[in-house]
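Trainee: What follows is a structure written as structure tokens; I'll ask about it next.
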Ligand SMILES: [Fe+2]
């Protein structure tokens, strides 16, 4: 698969950092029209209290409204395990189409079982408006965009390339952050290495936007780098690290990591495209905590 990159298109990228989950959500604007997209939005949750809120999403909605933008797409780079998506909330206010990678169906199959969801939980991705395959193209205003299948962190991970900007999800972190874990169900360190190589094959000046940053070694939070910088300096894959060395390192590191604090609520909501589980006969909604399943 060769991807048709157009470095002459330079979208305007507005980041929205969520301190609770170290996630960076983005509004991506077409400089030639009012069209925009939202990438990887966040719903706030106080897990201990079982309370959700939409402060982060409301900041994005406010930005889109204040700038008179027209929301065409809501993109999820993958099924996040560390924060809940606010995509349906934003979509209900501003419209737009919600898209994710085709392999969402694998994630729905796996976690549908783990949460013992009934047959009313569809495992065919039909909660989304669009399921992207590798190389699929779409438009944001006048900008032609495409998705690259970049599995490894999860089987449904996609990188979205919009002009000279690529939104990599958790396929890469900043050069001093390295890479994301590959040990979730359906994850694979070797596949992650191969996916990262696809990204490093793009033009060196391509801007890369991270989904997460944890400010390693006390530095300030950052989210933007380039293919060239990752290729030269990424502490896990830069300087021509071999596949074998990467897989060994990643596998050993992952074995030492605890589960993300919000994995159980995140998966239950995100596998439903960000919708909450259905209400019971009293109108209340509940999240499950399956024991000894992860
Ligand atoms: Fe992730």
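Trainee: Answer with yes or no whether residue 156 is at pLDDT 95 or above, part of a loop (DSSP other than H, G, I, E, B) and crowded, with 23+ Cβ neighbours inside 10 Å.
Mentor: Yes, satisfied.
Trainee: Sticking with this one: Please determine whether any residue of region 106-129 is touching a strand residue (DSSP E or B) at 6+ places or on another chain (Cβ under 8 Å), surrounded by 24 or more Cβ atoms within 10 Å (Cβ to Cβ) and under 19 Å from residue 88 (Cβ atoms).
Mentor: Checked region 106-129: no residue is touching a strand residue (DSSP E or B) at 6+ places or on another chain (Cβ under 8 Å), surrounded by 24 or more Cβ atoms within 10 Å (Cβ to Cβ) and under 19 Å from residue 88 (Cβ atoms).
Trainee: Further, regarding this structure: Before we move on, is residue 216 out of contact with any helix residue (DSSP H, G or I) (no Cβ under 9 Å at 6 or more places or on another chain) and surrounded by fewer than 17 Cβ atoms within 10 Å (Cβ to Cβ)?
Mentor: Spelling it out, residue 216 is indeed out of contact with any helix residue (DSSP H, G or I) (no Cβ under 9 Å at 6 or more places or on another chain) and surrounded by fewer than 17 Cβ atoms within 10 Å (Cβ to Cβ).
Trainee: Can you tell me which residues in region 149-165 are within 16 Å of the ligand (Cβ to nearest atom) and either on the phi < 0 side of the Ramachandran plot or in contact with a strand residue (DSSP E or B) (Cβ under 9 Å, 6 or more places away or on another chain) (or both)?
Mentor: 149, 150, 151, 153, 154, 155, 156, 157, 158, 159, 160, listed by residue number.
Trainee: Determine whether residue 283 is assigned to a loop (DSSP other than H, G, I, E, B) and buried (at least 18 other Cβ atoms within 10 Å of the Cβ).
Mentor: So residue 283 fails the test.
Trainee: Can you name the residue in region 222-244 that is in contact with a strand residue (DSSP E or B) (Cβ under 7 Å, 6 or more places away or on another chain) and crowded, with 18+ Cβ neighbours inside 10 Å and, of all such residues, is nearest to residue 172 (Cα to Cα)?
Mentor: 230
Trainee: Going through region 105-124 one residue at a time, which ones are farther than 18 Å from residue 275 by Cβ and free of Cβ contacts under 8 Å to residues at least 12 places away in the same chain?
Mentor: If the condition is that a residue be farther than 18 Å from residue 275 by Cβ and free of Cβ contacts under 8 Å to residues at least 12 places away in the same chain, then 113 is the only one that fits.
Trainee: So, one more: Mind checking which strands (runs of 3 or more DSSP E) fall wholly inside region 1-99 and carry at least 2 residues that are surrounded by 15 or more Cβ atoms within 10 Å (Cβ to Cβ)?
Mentor: Passing ranges, in order: 12-18, 23-29, 35-39, 44-46, 70-75.
Trainee: Which members of region 249-280 meet the condition of being outside any loop (DSSP other than H, G, I, E, B), touching a residue at least 60 places away in the same chain (Cβ under 8 Å) and farther than 23 Å from residue 98 by Cα?
Mentor: 250, 251, 253, 254, 255 - these are the residues of region 249-280 that are outside any loop (DSSP other than H, G, I, E, B), touching a residue at least 60 places away in the same chain (Cβ under 8 Å) and farther than 23 Å from residue 98 by Cα.
Here is a yes/no grid of residues against (1) more than 16 Å from the ligand (Cβ to nearest atom); (2) more than 21 Å from residue 103 (Cα to Cα):
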{"residue": "21", "(1), (2)": "no, yes"}
{"residue": "25", "(1), (2)": "no, yes"}
{"residue": "43", "(1), (2)": "no, yes"}
{"residue": "47", "(1), (2)": "yes, yes"}
{"residue": "53", "(1), (2)": "yes, yes"}
{"residue": "66", "(1), (2)": "yes, yes"}
{"residue": "70", "(1), (2)": "yes, yes"}
{"residue": "80", "(1), (2)": "no, no"}
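Trainee: Conditions first: (1) modelled with pLDDT under 95; (2) touching a strand residue (DSSP E or B) at 6+ places or on another chain (Cβ under 7 Å). Residue 2 passes all but one, so which condition is the exception?
Mentor: It is condition (2) that residue 2 fails.
Trainee: Here is a further query. I'm trying to understand the selection: among the residues of region 166-177, which are more than 14 Å from residue 7 (Cα to Cα) and away from the ligand (no atom under 14 Å from the Cβ)?
Mentor: Selection gives 174, 175, 176.
Trainee: Of (1) away from the ligand (no atom under 16 Å from the Cβ); (2) touching a helix residue (DSSP H, G or I) at 6+ places or on another chain (Cβ under 7 Å); (3) assigned to a helix (DSSP H, G or I), residue 199 satisfies all except one. Which?
Mentor: Checking residue 199 against (1) away from the ligand (no atom under 16 Å from the Cβ); (2) touching a helix residue (DSSP H, G or I) at 6+ places or on another chain (Cβ under 7 Å); (3) assigned to a helix (DSSP H, G or I), the one that fails is (1).
The values are calculated or read from the model by the stated rules, or taken from the named source; none is laboratory data. Predicted model, so just to flag it, every value in this text is computed and none were measured. When we count neighbours, we look across all protein chains shown, and the Cβ atoms used for this are built from the backbone with ideal geometry, even at glycine.
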